[in-house]
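Trainee: One structure is given below, represented as C-alpha cells, and several questions about it will come after.
The values are calculated or read from the model by the stated rules, or taken from the named source; none is laboratory data. Predicted, not measured: the structure shown is a model, and the values here were computed from it. Here Cβ is always computed from backbone atoms with ideal geometry, including for glycine, and neighbour counts include all displayed protein chains.
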Amino acid sequence: MKARKTRILADMPAQLLSRPRTWLLAGVTGVSLMGVMAATAVAPDSDTADILFHRVVETLPAPLAIAEPADELPFVHSERIQAGDTLQGIFARLNIDDEEALAHLAGSEEGKKAVRQLRAGRSVTAIVNPDGRVLSFSVPLGNTGSRIVLERGDGGLALRESNGEAQVAMIEMRSGTITHSLFGATDAAGLPDNVATQLATIFGTWIDFHTDLRRGDRFNVVYEAIYEEGNPVRAGRILAAEFINNGERHAVVLYRGPSGKEQYYSDDGRSLQQGFLRSPLEFSRVSSNFGRRLHPIHGSWRKHNGTDFAAPTGTPVKATSDATVEFVGTQRGFGNLIVLKHRNNITTHYAHLNGFAKGLSKGQAISQGDLIGYVGCTGWCTGPHLHYEVHIDKVAQDPMTVALPMADTLGPRELVAFNRDTAHLRNRFALLNYELASAR
C-alpha cells in the first residue's frame, strides 16, 4: 500500500511565502491564500488527497515609486526685538549665517537707518535657507508702519522700503494658564509682548497682577495680527479677552460706543476707559505698602500715604485713569512729581520720577494708560521706585484697596446693539475653552 503524503493546510501560507517573490506580490498572494484556507477549512483527520491545488499567477502593477526627498524647504522666523539688540544678535537668534546679507544691511543708508531705530517689542521676520542664507529679512523702521526689506533674488541682494499699504489684519487667538507669572504664561502661549502688555492694562481695572494672580488662572485673547506678503509683521489691538482669576470670570470686547470712540466694555456693557488701573506700572513689585512705617532716610516712624513700586530707572509710568494734569514739576521730598486730577474729586500722585513724558504740561488732557513719566530716584529716595498716591476729597487712601469708581454702563437700547455686534467675538471664547478642555 502506497504511503499517503500528508499536507498540513496551516503550513501552506508559510511555505508559499518562503518562495522568491517581490514583496508586494507575496503580500497579496499570502493574504488571498489565507482567505481561501479559512473558507475551505477541513475537519481534523479528513482526507485531503483529492483536493486539487492550482498555482495562480497574476501580473500586478509595479509598486509606487517613492519620491526622492525634495530639497529642504526654507525656515520662516519671527523674532521680537529685545532691548539693546544689534543686527548681529538678531541674526544669531534666527540661525542666520550670511555675512553678505549683514554687510549689505550695514553698508546701506536704508539699513543703517533701520538699525538705528530698532525698538524693543517690535518684530523682525525672516525667510532663511537651511544653510543659513537669507532669502528675505524684514525689520521695522522705528515706531512707524514702514519696514526695510532685504530680499535675495536672481540678481543678488536688494533693499526696499515697505510703507505698509499691502498689510492685512487677521484675527488670531491664544489661550494660557498661569503657573508662575502673567508674563511667563503669555510667553509660553506665544502671545506677542505688546499684546501681553495690553492684557495687563485691560484687566488691571479688576486684577492686581502683583498680588491677585493664582496658579491655574486662565486667559483667552482674540487679537489682530498684521501680515504683509504672507509674513507676520506685528500684533495689533486686542479685540476681545477673557481672564479667570481665582474662579472669577472677567471679559471685555472692543466696541465703538455712542461717542464714536472705540473702548473696551465688560459683558454687562460697562466701559473700562473711565475705570482706574490698580498699578501705574506694567510689571514691578510692591516694595512698601500704605500705612505707618519706619522711614528709610529719617529713621522715625511716619505715615506712608501711598504705595511704592520698585522698578528699574526709566520704566514707563502710566496714568491710571482719564484726567487732566494738575501739577508737573519738583516738590520737596517727592522730587519730580506729577499730580493728575480725575472726576469725583480724585487725584493721583506719581513721585520720585526720573523724568516726564515729552510735552507734558499743566491742564493737559490725559487718557488712561498714557505715558506720563519714568521711574527714578529723585527727592528723598534710597533706590529707584515709583511712589503712588490716591486722594479722594484731598484725603490719602490706600491705592491697593480703595474702592474706585467704574465707568457708566450702556443704556438698554445700546446694550442690545452691543450684544448683537460683539457676539462673533465673544463666541470665540467658547471655541478656545472647548480646545482647552479637549486637550486635557
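Trainee: Quick check on the stretch 335-348. Is at least one of its residues basic (Lys, Arg) and over 16 Å from residue 276 (Cβ atoms)? First the steps, then the outcome.
Mentor: Taking the stretch 335-348 as the starting set, the residues that turn out to be basic (Lys, Arg) are 341, 343.
Then keep just the ones that are over 16 Å from residue 276 (Cβ atoms); that gives none.
No, the conditions are met nowhere in the stretch 335-348.
Trainee: Considering only the stretch 173-194, how many residues are of a type outside the set (Val, Ile, Thr) and farther than 20 Å from residue 82 by Cα?
Mentor: 5
Trainee: Quick one: residue 283 ticks every box in (1) under 30 Å from residue 186 (Cβ atoms); (2) at pLDDT below 95; (3) in a strand (DSSP E or B) except a single one, so which number is it?
Mentor: The failed condition is (3).
Trainee: Also, I was wondering about something else. In this structure, does residue 240 turn out to be under 15 Å from residue 171 (Cβ atoms), in a strand (DSSP E or B), at pLDDT below 85 and assigned by TED's automatic domain parsing to the domain that holds residue 264?
Mentor: Spelling it out, it is not the case that residue 240 is under 15 Å from residue 171 (Cβ atoms), in a strand (DSSP E or B), at pLDDT below 85 and assigned by TED's automatic domain parsing to the domain that holds residue 264.
Trainee: Kindly evaluate residue 416 against the criterion of being touching a residue at least 12 places away in the same chain (Cβ under 8 Å) and β-branched (Val, Ile, Thr).
Mentor: no
Trainee: Which members of the stretch 332-357 meet the condition of being assigned to a loop (DSSP other than H, G, I, E, B) and either within 13 Å of residue 387 (Cα to Cα) or not assigned by TED's automatic domain parsing to the domain that holds residue 392 (or both)?
Mentor: 335, 354
Trainee: Next question. List the number of the failed condition for residue 180; all other conditions in (1) over 18 Å from the mean Cα position of the chain (by Cα); (2) farther than 21 Å from residue 425 by Cα; (3) not acidic (Asp, Glu) hold.
Mentor: For residue 180, the exception is condition (1).
Trainee: Here's another thing I want to ask about it. Of all residues in the stretch 88-107 being touching a residue at least 40 places away in the same chain (Cβ under 8 Å) and touching a helix residue (DSSP H, G or I) at 6+ places or on another chain (Cβ under 9 Å), which is surrounded by the fewest Cβ atoms within 10 Å (Cβ to Cβ)?
Mentor: So the residue we want is 104.
Trainee: Which residues, counting only those in the stretch 255-264, are within 17 Å of residue 420 (Cβ to Cβ), touching a residue at least 40 places away in the same chain (Cβ under 8 Å) and assigned to a strand (DSSP E or B)?
Mentor: 255
Trainee: Going by what's in this entry, would residue 138 be described as surrounded by fewer than 21 Cβ atoms within 10 Å (Cβ to Cβ) and among the small types (Gly, Ala, Ser)?
Mentor: Numbers: surrounded by fewer than 21 Cβ atoms within 10 Å (Cβ to Cβ): no; among the small types (Gly, Ala, Ser): yes.
No.
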